[in-house]
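Take a look at the structure below.
The values are calculated or read from the model by the stated rules, or taken from the named source; none is laboratory data. All values derive from a computational prediction rather than experimental measurement. We place every Cβ from the backbone using ideal geometry, glycine too, and count neighbours over all the protein chains shown.
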Amino acid sequence: MAPADFGEKNPPKSNDLYATAKFIGDRCFDENLAFFKCKDAHGHPARCLDQGQAVRKCAFAVMNDVQKKAPKELKAYSDCLHDNGLKLDRCRHVQKAFEEAVFTDALAALWRQPPCRATAVIP
Amino acid sequence: SALGEGHQGVTMLARLVSRSRSRLSAWGRSRPLSTSYVQDGPPPGGYADVRYKKSIPNKGPSNGVLLAGLGAFMAYGWFFTLRGIQHRNRSNIEVHDVRISILPFLQAEEDQRYVELRAYLDEKERQLMQDVPNWQVNKPQFDTVEWVRPKALPYT
């Protein structure tokens, strides 16, 4: 039986989020930036519900893709993080197997690019 | 004293006894027959001269060699320290990257939860105070800003 999809009914736990954080941060950069900008502009949480919805939809999509691609490695990495207090230095061997299973050529090419995200000019 | 007199008497008797060595004294066989005495004195040839002149020999590693050794000793520790600091900095950057990637997701979740809870509480308050005239539901306590982050969760 395949593991349940992440969504409103099955929210991800901290270990799942930590495991897929790099992929979420890479694919959902625009949604996250829009949400942060909205938060800078407005204080009340009710003003940024749409951007928040978009952020969550994107994160769920990324996590479900990763889970479809490598469910066992994701579960192993999540469990290791859960057992070690979300300390990334203690799960290097499991992280290696997980990232090797999930990385695609397109994503690897993205990583090999010069660091543009950190130095991007935010309009 | 009695001890002194006794000692004088014994000495006199020892002198009498020593003249006739074949006869044992009446005071016991532990009395020595010969009157040779053991004294504490300097060793034969006398004692060596007392050293009083200062003696600070100018030998051992030079100042430069000492500093170089100290530097090598410290560099050995610095190598591992700096390697650890660099590893720690990289780890902190990685953790920061992970946390800032998932922060919008978590904040959006919390916003949704808060807004729904606030709507539920406002509805309850409206129902409770529907008969009270001039009652504003969830009246804002501040007029200069729209939103002040609450210090505690709302009471349910």
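Worth pointing out:
- Where a residue in region A:80-97 is more than 17 Å from B:His96 (Cβ to Cβ) and its partner, wherever it lies, is hydroxyl-bearing (Ser, Thr, Tyr), with Cβ under 7 Å and at least six apart: A:Cys91/A:Tyr77; A:Val94/A:Tyr77
- Applying a threshold of 8 Å to beta carbon distances and a minimum spacing of six or more residues, or different chains, the list of pairs starting in region B:79-101 at a residue that is basic (Lys, Arg) and ending at one that is surrounded by 10 or more Cβ atoms within 10 Å (Cβ to Cβ) reads B:Arg99/A:Ala21.
- Extreme residue, farthest from B:Pro150 (Cα to Cα), among residues of region B:83-131 that are facing another protein chain (nearest Cβ under 10 Å) and among the aromatic types (Phe, Trp, Tyr): B:Phe105
- Of all residues in region A:21-75, those that are within 7 Å of another protein chain (Cβ to nearest Cβ) and acidic (Asp, Glu) total 0.
Per-residue answers, yes or no, for (1) more than 30 Å from A:Phe6 (Cβ to Cβ); (2) in a helix (DSSP H, G or I):
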{"position": "B:Ile100", "(1), (2)": "no, yes"}
{"position": "B:Phe105", "(1), (2)": "no, yes"}
{"position": "B:Tyr114", "(1), (2)": "no, yes"}
{"position": "B:Arg118", "(1), (2)": "no, yes"}
{"position": "B:Lys124", "(1), (2)": "yes, yes"}
{"position": "B:Gln130", "(1), (2)": "yes, no"}
{"position": "B:Glu146", "(1), (2)": "yes, no"}
{"position": "B:Thr156", "(1), (2)": "no, no"}
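- Residues in region B:122-156 that are in contact (Cβ under 8 Å) with a residue 12 or more places away in the chain and under 30 Å from A:Cys58 (Cα atoms): B:Pro154 alone.
- Unmet criterion (only one of (1) loosely packed, with under 12 Cβ neighbours inside 10 Å; (2) within 14 Å of chain A (Cβ to nearest Cβ)) for B:Phe79: (2)
- When we screen B:Gly64, B:Gly71, B:Gly84, B:Gly46 for residues that are farther than 30 Å from A:Arg90 by Cβ and either surrounded by 10 or more Cβ atoms within 10 Å (Cβ to Cβ) or in contact with a Phe, Trp or Tyr (Cβ under 7 Å, 6 or more places away or on another chain) (or both), the only hit is B:Gly71.
- Among residues of region A:28-61, those that are of a type in the set (Lys, Arg) and under 18 Å from A:Asp5 (Cα atoms), counted: 2
- Only a single criterion out of (1) under 15 Å from the mean Cα position of the chain (by Cα); (2) modelled with pLDDT of 95 or more is not satisfied by A:Arg47, namely (1).
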